[in-house]
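The values are calculated or read from the model by the stated rules, or taken from the named source; none is laboratory data. Keep in mind the model is a prediction, meaning the values are calculated, not measured. Because the Cβ atoms are built from the backbone with ideal geometry, glycine has one as well, and the counts that use them run over all protein chains shown. For the accessible areas, the whole protein counts, side chains as well, though only heavy atoms, and no ligand, DNA or RNA atoms are used. Shrake-Rupley method; radii C 1.70, N 1.55, O 1.52, S 1.80 Å.
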Amino acid sequence: MKKIRCLNPISNQGLDLLEKDLYQIVETDDADAILLRSFKMHDFEISDSVKSIGRAGAGVNNIPIDKCSEKGVVVFNTPGANANGVKELVIASLLLSSRDIVGGINWVKGLEGDSEVAAKVEKGKSQFVGPEILGKKMGVIGLGAIGALVANTAVGLGMEVLGYDPFISVEAAWSLSRAVKRSINLDEIFAECDYISIHVPVIAETKGMINKDAFAKMKDNVRIINLSRGELVNDDDLEEAIKSGKVAKYVTDFPNEKVVSMENVISIPHLGASTPESEDNCAIMAVIQTKDYLLNGNITNSVNYPACNMGVCQTAARVAINHKNVPNMVGQITTLLANNNINIVDMINKSKQQWAYTLIDVENEVAENIVKELENIEGIVKVRVI
Ligand SMILES: NC(=O)C1=CN([C@@H]2O[C@H](COP(=O)(O)OP(=O)(O)OC[C@H]3O[C@@H](n4cnc5c(N)ncnc54)[C@H](O)[C@@H]3O)[C@@H](O)[C@H]2O)C=CC1
Ligand SMILES: O=C(O)CCC(=O)C(=O)O
């Protein structure tokens, strides 16, 4: 029986795929696999029993990836599974940033009980005027699952769209409308766009990328939409840019203590992926990937270990080894098995940056002492016999 621990509520559409005779949902720290959404794992004790962490979503900045890799814990995410949910909220944010719908709604609320609501609405509405988006320039930074959908939808709404992504995948590039103009640097986006939407992960290279220097290059009255992560924007510089009139509106899905009280900021409580469809899609994908890893050792959509698939084991046993990507690992592993009279039927070795993974189907049972010997090879961080 494999134990699964959920650190956030995970949609039943996914959890129902866990067969009752094979899996048990637990709240204890002896789980084989963890499923989560935005739970912050950086201070969480990851026990040695844990083999995988499934992020039902895209961003993995809430998970200590390096620590997981060192422990041989495979971290999955669910690319694209919530992209449409986020795209729809980005389009709503685009309109909210342009027309003062939020200000207008709040103002009308204040008229409750007034005997002349209809007349006052007509008289007072001019304070909430805002421009149309048709024909305006939209910059999309990051053209992955979400950014590509946003760019295409903005084209459909009659905007002129500039996209920037130096690492764009072939799949995303194929999915882009031909009308999306490719920017080869961010400066062009900053200088030309009336609206800028950010769709990159928060990593060392992107943290604080929207800062004083970036604002200085932008057009006056620019509207910025950030449904990616709060850390991409420097809050102090944002405050200055709003005060000076450079930024007309900032819409964020990641409010914090500072941003929440700023003028001209629209704060959304991290609702990008909060749709039944996105929650179901993410949960289903995370559960399928987790099951395939626990039962077969196959890896799909991991952010720290390579993709690897040998189907279902048809031999006496399958050995799954998570290790460092250094020379002579395969040599040491196969020599050790040969010295113990274990015949290899099939094997695969894949690497992803500093980490690698070896799956070996063997003809004989693999005894506990052989597992121990494998674990003692320098650079091997986890050994499982499936
Ligand atoms: N508000 C919400 O509920 C949600 C927020 N997100 C956030 O949106 C981000 C993007 O999600 P997806 O599009 O699904 O991810 P993705 O991985 O499909 O796309 C990210 C894109 O960013 C690009 N990129 C990386 N570094 C870049 C840089 N320095 N400059 C320009 N482009 C760069 C990559 O090449 C990739 O194409 C996630 O990392 C997450 O932080 C994702 C889902 C839900
Ligand atoms: O699960 C959620 O609601 C968060 C979604 C998100 O931020 C992501 O997928 O990166």
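Things worth noting here:
- Unique residue being modelled with pLDDT under 95, open to solvent by 30 Å² or more (accessible area, probe 1.4 Å) and either touching a helix residue (DSSP H, G or I) at 6+ places or on another chain (Cβ under 6 Å) or not assigned by the TED database to the domain that holds R55 (or both) when the list is N364, N328: N364
- V86 being under 27 Å from S351 (Cβ atoms) and touching a Ser or Thr at 6+ places or on another chain (Cβ under 8 Å): no
- Failed condition for G57, given (1) more than 13 Å from ligand 1 (Cβ to nearest atom); (2) open to solvent by less than 30 Å² (accessible area, probe 1.4 Å); (3) under 14 Å from the mean Cα position of the chain (by Cα): (1)
- Looking only at the stretch 217-232, and only at residues there that are closer than 17 Å to H199 by Cβ and more than 16 Å from ligand 2 (Cβ to nearest atom), the one that is most open to solvent (accessible area, probe 1.4 Å): R223
Each row is one residue, and each column tells you yes or no for (1) in contact with a helix residue (DSSP H, G or I) (Cβ under 9 Å, 6 or more places away or on another chain); (2) modelled with pLDDT of 95 or more; (3) on the phi < 0 side of the Ramachandran plot; (4) basic (K, R).
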| residue | (1), (2), (3), (4) |
| --- | --- |
| L35 | yes, yes, yes, no |
| E45 | no, yes, yes, no |
| S52 | yes, yes, yes, no |
| K71 | no, yes, yes, yes |
| A81 | yes, yes, yes, no |
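- Highlighted here are the strands (runs of 3 or more DSSP E) found entirely within the stretch 216-270 that include at least 1 residues which are farther than 25 Å from G85 by Cβ and either touching a Cys at 6+ places or on another chain (Cβ under 7 Å) or assigned by the TED database to the domain that holds L94 (or both): 222-226, 247-252.
- Whichever residue in the stretch 182-212 is of a type in the set (A, V, I, L, M) and within 16 Å of ligand 2 (Cβ to nearest atom) and, among such residues, is least open to solvent (accessible area, probe 1.4 Å): I198
- Residues of the stretch 233-249 include none that is within 12 Å of ligand 1 (Cβ to nearest atom), touching a strand residue (DSSP E or B) at 6+ places or on another chain (Cβ under 9 Å) and open to solvent by less than 50 Å² (accessible area, probe 1.4 Å).
- Qualifying positions in the stretch 65-91 - in contact with a strand residue (DSSP E or B) (Cβ under 9 Å, 6 or more places away or on another chain) and open to solvent by 10 Å² or more (accessible area, probe 1.4 Å): I65, E70, K71, N77
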